[in-house]
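The values are calculated or read from the model by the stated rules, or taken from the named source; none is laboratory data. A quick note: this is a predicted structure, and the numbers were derived from the prediction, not measured. Methodologically, a virtual Cβ is constructed for each residue, glycine included, from the backbone with ideal geometry; neighbour enumeration extends over all protein chains shown.
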Amino acid sequence: MRAVDIAGTALGNTMRSKTRTFLTVIAIVIGAFTLTLTSGLGAGINKYVDTMVSGFGEIDQISIMPGADATAQMPGSSGPVAYDPAEAQATGEFGMTMLTDEDIETIAQVEHLSNVEPVVFVAAEYLETADGDQFTLQSMDLPANAAALELAAGVKPARDAMEITIPETWLEIYGTEDPEAVLGETVTLGIKDLAQQVQTVDAEIVGVSQAAISGVGASPMPSSALNEELYGLQTSGLEVEQPQAYVQAVADVEDMAANEQSVKAALSEEGFMAMTVEDQLGVITGIIDTVTWVLNGFALIALLAASFGIVNTLLMSVQERTREIGLMKALGMSGGKVFGLFSMEAVMLGIMGSVIGVGLGVVVGLTGNAALVSGPLSGVAGLSLFAVDPMAIVLIVLLILVIAFLAGTMPAARAAKKDPIEALRYE
Amino acid sequence: MSAAVLETENLVKVYGRGESRFDALKGLTFEIRQGESVAIVGKSGSGKSTLMHLLALLDEPTAGVVAMNGRPVSQLKPAQVSELRNDTFGFVFQQFFLNASQTVLENVILPLKIAGVGTAERKRRGMEVLEQLDMADKAGNRATDLSGGQKQRACIARALINEPSVLFADEPTGNLDTATGEVVEDILFGLHRDRGITLVIVTHDDDLAARCQRRLLMQDGMIVADESGEAVRSAGASVGQTSREGSRRVGGHGKHAAPVVVDGPGLDEPGPDGPEAGPTAPGAATAGAAGQVENAGTTGEERA
């Protein structure tokens, strides 16, 4: 029997009992559909992360954190530790090891690093427009996040200038919807010093940001110089010198591609941990991948259930067609070909289920993505929740075919073993 | 005498073991020659079906040898045995085993499909054999839409499509009424006579057995009698027997009257018995006698 005849006959046989085939295929469709959606979701979000990464262009920035053993920082995870004033100074509010000014100096001496800046959190009071309207500044973005900033208009705040960007949602304070219209406006920022006196500093709006899914761009972002100025004001007003401690520092790396490893090694030697933006996004991607795989796991369970449907359908089919099998064997069909015919029927079910399920998944995924991105989630720039990865689609179809084939082997082996005489016996 | 197509030596088949041991065949040695028509006769349980299964290579003997064209079959691999069955045997069963979901043509070409013959060739040969059996107009019908006789003719068409040298028929008329059964018998014996196909028929119908050149009478797993030559049956019994359509007949049952198939396009070969047979009227077949049966056998040999 030729392969094409086996395939044709198998297809014809699956069409004999249409209701049963339909029901079995539905089970496979559900699995294929779910798997397509979940893997598409992972691919879509990772694609979004990728666009964010590639949007940064040549990122030559690195974040530096104290490299202390993370487990030692967990409360209750270790016994009492002898008190060391020097160490204690560098312990922040949450019991985390912090960077000191000394550390910053050490870092600045590492080769290929420049513009080493401690990351400081500034809590400004208000933002005042030229017209005198004041708005609460609940939070401000860190200048270190500038690399990830998506702009609707203008440019990112220059490091050394007193500049700031505002998010698109703040355009209404100027009563406009055109982001270009607010560029060049001067705003005044108010901040309380340690003596609870409000100090002010002026800044120019140079850009309008879009909120990204990570939250970057959702609030005004000062330039490094502006941020430092504000921090200076925030910590001024008292005669007592405050010991400084920072969660992390950022620095520019000269020729990242060539020096990334040596810089990381040098920092690690000094007891610091360094991460590039890509490293940080890699963590996010890792989490997304993990979630995707968990979801895929559920889809695989659905497929597993569907595979028992295939086994059941084919077993019934083998039972019903005992005589037909006997006849085919009597007429010279080898056991191997009978096995091939029945496992092909399983594969046919798999093909139908996977094509319909994957097709449905892609259609639903793409329309759902389009509806969400242009609807409720339109505020998030460049967001994609679903992407079609051709490789993944091919893999899903192949996986389902393999599962279908495996499910078919048991009934097919049973058919192949049938004794033609038993099968043809008529009493 | 022609060469033996099937031979057996001390053929034994045992089912079960211990208490439930049943000796279905107890050491049979015989041979079936090319072009012979052999009836295996006996009561139920006498072992005749078991014997046919062994001869048809559907089953393996517990002991003893089945040889096909002088070569012991036990030497062959299962795949080769399957191929041999597909290639050289035709099967007609008491029950039709037609696939209800397929057309008559699709049912008929199944052996060719199994053999791996191409689609166009399958269809051509399928139509050819259906025409020979006056079934061409039913080719596109569902197998379930046929009458009993038509179904059995479809089965015969299926058995013939691979141009077998041996045709096994297990109670081929058992499921048919007398008249239809006669038509089917005529077709079988016509094929035997005209094409020299070796015919092995398992039956407990004495009339059918009587039309065979040789009868192996089985009892309790032994061959108790091996009669040959005498066609006991009154040839006149089926005089004027025509197929349902009446216009064409395939292999009218009368001995020398084979060439009654004059208008069948599929069977345009000349009659086997030379000029003296001629397009005789069906009635002339009443002249049938024992010697002529022998004659038909010889014909088969010549053509094989």
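The numbered conditions (1) within 11 Å of chain A (Cβ to nearest Cβ); (2) out of contact with any Ser or Thr (no Cβ under 8 Å at 6 or more places or on another chain); (3) crowded, with 20+ Cβ neighbours inside 10 Å; (4) of a type in the set (Gly, Ala, Ser) are all true for B:Ser46 except (1). Taking region B:66-121 as the region of interest, the helices (runs of 4 or more DSSP H) fully inside it that hold 2 or more residues being under 22 Å from B:Arg195 (Cβ atoms) and more than 8 Å from chain A (Cβ to nearest Cβ) are B:104-108.
Per the conditions (1) on the phi < 0 side of the Ramachandran plot; (2) modelled with pLDDT of 85 or more; (3) within 14 Å of another protein chain (Cβ to nearest Cβ), the sole criterion not satisfied by B:Glu36 is (3).
Of A:Glu278, A:Glu254, A:Glu270, all but one fail to be more than 14 Å from chain B (Cβ to nearest Cβ), over 29 Å from A:Thr19 (Cα atoms), surrounded by fewer than 17 Cβ atoms within 10 Å (Cβ to Cβ) and under 21 Å from the mean Cα position of the chain (by Cα); the exception is A:Glu278. Looking at B:Ala237, B:Ala225, just one residue is at pLDDT below 85 and over 17 Å from the mean Cα position of the chain (by Cα), and that residue is B:Ala237.
Against the conditions (1) within 17 Å of B:Leu191 (Cα to Cα); (2) in contact with a Ser or Thr (Cβ under 8 Å, 6 or more places away or on another chain), B:Ala159 satisfies every one except (2). The condition (being in contact (Cβ under 8 Å) with a residue 24 or more places away in the chain and part of a helix (DSSP H, G or I)) is satisfied by just one residue among A:Ala144, A:Ala203: A:Ala144. Of all residues in region A:53-72, those satisfying the criterion of being surrounded by 14 or more Cβ atoms within 10 Å (Cβ to Cβ) and either modelled with pLDDT under 70 or of a type in the set (Asp, Glu) (or both) are A:Val53, A:Gly55, A:Phe56, A:Ile59, A:Asp60, A:Ala68.
Residues in region A:299-323 that are closer than 27 Å to B:Leu84 by Cα and surrounded by 21 or more Cβ atoms within 10 Å (Cβ to Cβ): A:Val318 alone. Within region A:206-237, the set of residues being free of Cβ contacts under 8 Å to residues at least 60 places away in the same chain and on the phi > 0 side of the Ramachandran plot comprises A:Gly215, A:Gly237. Can A:Ile421 be described as more than 14 Å from chain B (Cβ to nearest Cβ), touching a Leu at 6+ places or on another chain (Cβ under 7 Å) and either part of a helix (DSSP H, G or I) or among the basic types (Lys, Arg) (or both)? Criteria not met by A:Ile421.
Filtered by the rule that a residue be surrounded by fewer than 17 Cβ atoms within 10 Å (Cβ to Cβ) and not in a loop (DSSP other than H, G, I, E, B), region A:191-200 gives A:Lys192, A:Val198, A:Thr200. Would you mind stating whether A:Val311 is in a helix (DSSP H, G or I), among the hydrophobic types (A, V, I, L, M, F, W, C) and under 27 Å from A:Ile288 (Cα atoms)? No; evaluated as a whole, the condition is false for this residue.
Of the residues B:Glu60, B:Glu121, B:Glu171, B:Glu131, the single one that is out of contact with any helix residue (DSSP H, G or I) (no Cβ under 7 Å at 6 or more places or on another chain), of a type in the set (D, E, K, R), at pLDDT below 90 and surrounded by fewer than 18 Cβ atoms within 10 Å (Cβ to Cβ) is B:Glu60.
Remark: pairs (first residue in region A:178-190, part of a strand (DSSP E or B); second residue among the hydrophobic types (A, V, I, L, M, F, W, C); Cβ separation under 6 Å; 6+ apart in sequence or on different chains) = A:Thr186/A:Ala130; A:Val187/A:Leu127; A:Val187/A:Ala203; A:Leu189/A:Ala124; A:Leu189/A:Leu127; A:Leu189/A:Val201; A:Gly190/A:Val198. Taking the criterion of being within 14 Å of chain B (Cβ to nearest Cβ) and over 18 Å from A:Met15 (Cβ atoms), no residue of region A:289-320 qualifies.
Just need a number here: residues in region B:152-168 that are hydrophobic (A, V, I, L, M, F, W, C) and within 12 Å of another protein chain (Cβ to nearest Cβ).
Count: 4.
Taken over region B:181-223, the residue count meeting the criterion of being among the aliphatic types (A, V, I, L, M), part of a helix (DSSP H, G or I) and surrounded by 21 or more Cβ atoms within 10 Å (Cβ to Cβ) is 7. B:Thr144 meets all of the listed conditions (1) assigned to a helix (DSSP H, G or I); (2) more than 20 Å from the chain's Cα centre (by Cα); (3) within 10 Å of chain A (Cβ to nearest Cβ); (4) not acidic (Asp, Glu) but one, namely (3). Number of residues in region A:321-364 that are without any contact (Cβ under 8 Å) to a residue 60 or more places away in the chain, part of a helix (DSSP H, G or I) and within 14 Å of chain B (Cβ to nearest Cβ) equals 2.
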